[in-house]
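Written below as structure tokens is the structure these notes are about.
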């Protein structure tokens, strides 16, 4: 009879231990140190969700603000869809000019591209106002959580989880670090356990 209770206790203990490892948001990796995205790279690489101003000098009907769609393309008048995601602004501008030149629409187009609005970042979990927020240069995890109203009384104040755009794994960072935020990041403020 004692062996039976011992087995039951072991199964219950194992269940409680495994229950603590489960997360409803996927795998979590402890980050060694925050890697600061260079402000130049953040400001010049296009990604889905960005809004860009494309200026074709001397062609007011072609100049305007365009969205990089979820598949990473921009729809331009006359030349159609052009892949923008992952390209620098200058490179994308040259490709737009080449398409207008190659299609016979313009002889010598001069094109510039500027990001008007970055892809937003998101705050989830134990923040007072979780949601979508506009990205600004120089943003770190502390200012991002402050934009979301700060921590709730249940929030962990020791660590935060971040999933950077394009990555599938959450990374855990200590809140003692000023972890930089990039456009498209998901920030999850976990609940404290005690």
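Based on the Cα atoms of segment 117-194, what semi-axes does the equivalent ellipsoid have, where each is the square root of 5 times one gyration tensor eigenvalue, given in whole Å with the largest first?
Numbers: eigenvalues 70, 36, 24 Å².
Working from the Cα gyration tensor, I get semi-axes of 19, 13, 11 Å.
What is the fewest-to-most order of 143, 156 by other Cβ atoms lying within 10 Å of their Cβ?
If I rank by nearby Cβ atoms, fewest first, I get 143, 156.
Working note: Cα atoms of segment 48-117, range along each principal axis, descending, whole Å: 31, 19, 18.
Using 0.36 nm per residue and subtracting the Cα-Cα separation, the extra length available between residue 192 and residue 2 on full extension is 64.7 nm.
Using the 10 angstrom Cβ neighbour count as an exposure proxy, how do 169, 181 rank, fewest first?
Listing 169, 181 from fewest to most nearby Cβ atoms yields 169, 181.
Segment 32-184 has equivalent-ellipsoid semi-axes of 38, 14, 12 Å, by the square roots of 5 times the alpha carbon gyration tensor eigenvalues, sorted largest first.
Which of 164, 142 comes first, and how do the rest follow, when ranked by fewest Cβ neighbours within 10 Å?
Least crowded to most crowded, the residues run 142, 164.
Once you sort the root eigenvalues of the Cα gyration tensor of segment 140-179 as a ≥ b ≥ c, which label holds: rounded (a/c under 1.5), prolate (a/b larger than b/c) or oblate (the other case)? Because a/c hits 1.5 or more and a/b exceeds b/c, segment 140-179 counts as prolate.
Where a number appears in this text, it was derived from the coordinates with a stated rule and is not lab data. Bear in mind the structure is a predicted one, so any value in this text is a computation, not a measurement. As a convention, Cβ positions derive from the backbone with ideal geometry for all residues, glycine included, and neighbour counts pool all protein chains shown.
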